[in-house]
Amino acid sequence: MGAEGKSVAAQVTCQENPPEGWDGYLASHPQGSLYHDSRWAALIQTSFGHKSFFLTLSNTARVRGILPLVHLKSRIFGNALVSMPYFNYGGVLADDAQAAEALVDASLSLSQKLRADYVELRQNEPVPGGWPSKSHKVIMQLALPPDPEELWASFKTKLRTRVRRAEKEGFTVHFGKQDLLDDYYSVFAKNMRDLGTPVYAHGFFQAILDTFPQNAHIVTVRRENQCIAAGFLLSHRKKMEVPWASSLRQFNHLSPNMLLYWSMLKHSIAQGCNVFDFGRSTRDSGTYAFKEQWNATPKPTIWTYPGGDASNLPDHSPQSAKYQWAARVWKRLPLSVTNTCGPWIVRNIP
């Protein structure tokens, strides 16, 4: 399908395969994220069974804007176009407001064609049109100095003491990729069950490692042969992000998670990164306080719903009231059940 853009000789095209010039435009745009990369389409199709659409605004000379969309369709969780599901970033990348507006208009046209209930754009900045949005979460980020000793000196004594406690307990830190995936997943899956949240499939993380070998990293903390804590890292440009990190609760008093995060921060500096992204949190929550103690500062999220009703925006948060009963039941299930059933459920939760 196509829709006329606002600029003369510019047109929005919609394709199911990555169009020519997509990743070139991404590389040139200062706000581009790893999740705008065209390779996610095949990965999401293989891992979750969802179809992707590439909206591109271009004229005869060049690309002027892009918008990746993933179509999630479920009887339980609804019918939606999301950019990008499962992650904190996505949305419109464009040269200017006029180009962005053309892409948003095209997303609404596609939504009508697919009979989607809503469009969700995970933006860092507002998009034109004054559409309803939610800023219920913040992204916690830390500016990294070039020297880890400088970063260490900036932390409060209590934090440094907890890191040293973990080091004295004999925990060891390991960096790797596919070789550490099983260890990572064993901790991640148990932690998700204990939180009452369905877990992603093991194959999803395998696919990320295979698709983005230069960007994906795994960090584990062990005690002898047992993995106690683990994090999955994704780097892009000079930013390191930890979308997922977990630790075994019975060891919390020994602070292995503190050693995990300090090790990830040092690793990020060694990789030449100048920003560490702790992921999103609700203000004043426990995870917010944990990230804030590392001197991370909040950045707003603006999840925008073109054509949506401001009084009835979707909420798929595990903390929402409609999921609380399910979470209580999920926590009581054995890991063999949650690891089998979880991926079939979570694939439809954006």
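Residue count for region 145-170 satisfying the condition of being more than 12 Å from residue 295 (Cα to Cα), assigned to a helix (DSSP H, G or I) and either open to solvent by 50 Å² or more (accessible area, probe 1.4 Å) or basic (Lys, Arg) (or both): 11.
Would you call residue 256 surrounded by fewer than 22 Cβ atoms within 10 Å (Cβ to Cβ) and touching a Phe, Trp or Tyr at 6+ places or on another chain (Cβ under 7 Å)? Answer is no for this residue.
Table: residues versus (1) open to solvent by 70 Å² or more (accessible area, probe 1.4 Å); (2) at positive phi; (3) in a loop (DSSP other than H, G, I, E, B); (4) modelled with pLDDT under 95.
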| residue | (1), (2), (3), (4) |
| --- | --- |
| 276 | no, no, no, no |
| 279 | no, yes, no, no |
| 283 | yes, no, yes, yes |
| 289 | no, no, no, no |
| 294 | no, no, yes, no |
| 306 | no, no, yes, no |
| 310 | yes, no, yes, yes |
| 315 | no, no, yes, yes |
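When you scan region 215-223, do you find a residue that is modelled with pLDDT of 95 or more, open to solvent by 20 Å² or more (accessible area, probe 1.4 Å) and of a type in the set (Lys, Arg), even just one? Yes, the conditions are met somewhere in region 215-223. Per the listing 197, 220, the residue uniquely among the β-branched types (Val, Ile, Thr) and either without any contact (Cβ under 8 Å) to a residue 40 or more places away in the chain or touching a Cys at 6+ places or on another chain (Cβ under 6 Å) (or both) is 220. A search for C-beta distances below 7 Å between a residue of region 59-78 that is under 15 Å from residue 101 (Cα atoms) and without any contact (Cβ under 8 Å) to a residue 60 or more places away in the chain and any residue that is open to solvent by 30 Å² or more (accessible area, probe 1.4 Å) and of a type outside the set (Gly, Ala, Ser), counting only pairs 6+ apart in sequence or on different chains, returns 64/95; 65/95. If only residues of region 100-153 that are over 19 Å from residue 53 (Cα atoms) and polar (S, T, N, Q) are counted, the one that is modelled with the highest pLDDT is 141. Listed by first and then second residue, the pairs with beta-carbon distance under 7 Å, at least 6 apart or on different chains, first residue in region 109-120 and farther than 17 Å from residue 132 by Cα, second among the β-branched types (Val, Ile, Thr) and open to solvent by 10 Å² or more (accessible area, probe 1.4 Å), form an empty list. When the residues of region 184-211 are filtered to those that are open to solvent by less than 40 Å² (accessible area, probe 1.4 Å) and touching a strand residue (DSSP E or B) at 6+ places or on another chain (Cβ under 7 Å), the one that is nearest to residue 244 (Cα to Cα) is 188.
What about residue 239, is it in contact with a Cys (Cβ under 9 Å, 6 or more places away or on another chain), surrounded by fewer than 21 Cβ atoms within 10 Å (Cβ to Cβ), under 30 Å from residue 315 (Cα atoms) and of a type outside the set (Asp, Glu)? For residue 239, the condition - in contact with a Cys (Cβ under 9 Å, 6 or more places away or on another chain), surrounded by fewer than 21 Cβ atoms within 10 Å (Cβ to Cβ), under 30 Å from residue 315 (Cα atoms) and of a type outside the set (Asp, Glu) - is met. Residue check: is residue 271 loosely packed, with under 15 Cβ neighbours inside 10 Å, touching a residue at least 24 places away in the same chain (Cβ under 8 Å) and not charged (D, E, K, R)? So residue 271 passes the test. With the requirement that a residue be in a loop (DSSP other than H, G, I, E, B), farther than 26 Å from residue 38 by Cα and not polar (S, T, N, Q), what does region 202-241 give you? Scanning region 202-241 gives a single hit, 224.
The values are calculated or read from the model by the stated rules, or taken from the named source; none is laboratory data. Fair warning: this is a prediction, and the values are worked out from it, not measured in the lab. Here Cβ is always computed from backbone atoms with ideal geometry, including for glycine, and neighbour counts include all displayed protein chains. The accessibility values were calculated without ligands, DNA or RNA, using every heavy atom of the protein model including side chains. Shrake-Rupley method; radii C 1.70, N 1.55, O 1.52, S 1.80 Å.
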